[in-house]
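Please read the structure below before turning to the comments.
The values are calculated or read from the model by the stated rules, or taken from the named source; none is laboratory data. Quick caveat, the model's predicted, so the values are computed rather than measured. Cβ: placed from backbone, ideal geometry, glycine included. Neighbour counts: every protein chain shown.
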Amino acid sequence: MKLGLILVGAVLALMGSVFTLQGLGYLAGSTMTGVTMWAIIGPILAVVGIVLIVWGARRGRPGTPG
């Protein structure tokens, strides 16, 4: 479960970064390029991914619930 959370978090963080760069127009070649909606969704996905990575890394440590 711990490794799964970290992997899902990493994928979400990477996707969020790509979505942000495409939405801002830095990565071309997609229908998402230059669309503001993706510049908003991207950072949200990235933050959710980082939260999952941290949560997954903290699971199972002595003294932490869960």
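Is it the case that segment 45-59 has a residue that's at positive phi and not in a helix (DSSP H, G or I)?
no
Scan segment 1-40 residue by residue and report those that are exposed (fewer than 15 other Cβ atoms within 10 Å of the Cβ) and part of a helix (DSSP H, G or I).
2, 3, 4, 7, 11, 14, 36, 37, 40
Of everything in segment 41-66 that's in contact with a Ser or Thr (Cβ under 9 Å, 6 or more places away or on another chain) and not small (Gly, Ala, Ser), which residue is modelled with the lowest pLDDT?
Within segment 41-66, the match that is modelled with the lowest pLDDT is 58.
Can you tell which of 20, 33 is of a type in the set (Val, Ile, Thr) and touching a Pro at 6+ places or on another chain (Cβ under 6 Å)?
The conditions single out 20.
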